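The values are calculated or read from the model by the stated rules, or taken from the named source; none is laboratory data. Not measured: the values here are computed from a predicted model. Every residue, glycine as well, gets a Cβ built from its backbone with ideal geometry; the counts of neighbours run over all protein chains shown.
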Amino acid sequence: MPPAKRGNAPRAGFCIFENGDGSGLRAAFAEGTDDLGDPKVFGGRMNDKTSAIWNRSDKPWCVYEHKNIGGHRWMISRGFQDDISTYRSRDGFSWENVTSSVRPAMYVRPPRNPNAAYWTC
């Protein structure tokens, strides 16, 4: 995103933007949602309209193709900020305008091996 649009996200949040340059509709999250199409979540207007992402939180976040954390998933690292229109998963899936749910990644610490902790979607 261009520097002019960088002020469009809260300092400690996860933000999605309608347009790749950070303009248009935007949504900021502290906890995420299982359904961007829900009228209670920004009027449902951000469902399948994500073209840019900025993760300003202190943890990775996950975006999902379908509501209820279904379909393709992508873990967004801390500090990630970009137009996602050209991003593809390994199978060629395009991430532009398909996000329907967003959640913070889960931190897993295996009880028998706490040093092998990891983040997952």
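Confirm whether N55 is on the phi > 0 side of the Ramachandran plot and of a type outside the set (D, E, K, R).
Criteria not met by N55.
Please identify the pairs in which a residue from segment 71-100 that is within 12 Å of K49 (Cα to Cα) has its Cβ atom under 7 Å from the Cβ atom of a residue that is part of a loop (DSSP other than H, G, I, E, B) and of a type in the set (A, V, I, L, M), counting only partners at least 6 apart or on another chain.
So the pair list comes out as W95/I84; E96/I84; T99/L36; S100/L36.
Among the numbered criteria (1) over 12 Å from Q81 (Cβ atoms); (2) modelled with pLDDT under 90; (3) among the basic types (K, R), which single criterion is violated by K40?
(2)
Being touching a helix residue (DSSP H, G or I) at 6+ places or on another chain (Cβ under 9 Å) and loosely packed, with under 15 Cβ neighbours inside 10 Å is true for just one of R88, R109. Which residue is that?
Numbers: R88 fails: touching a helix residue (DSSP H, G or I) at 6+ places or on another chain (Cβ under 9 Å).
Sole residue among the options that is touching a helix residue (DSSP H, G or I) at 6+ places or on another chain (Cβ under 9 Å) and loosely packed, with under 15 Cβ neighbours inside 10 Å: R109.
Consider only pairs whose beta carbons are under 6 Å apart and that are at least six residues apart or on different chains; among these, list those whose first residue lies in segment 26-50 and is closer than 12 Å to K67 by Cβ and polar (S, T, N, Q) and whose second residue is surrounded by 19 or more Cβ atoms within 10 Å (Cβ to Cβ) and at pLDDT below 95.
As it stands, the answer is T33/V41, since those pairs meet every condition given.
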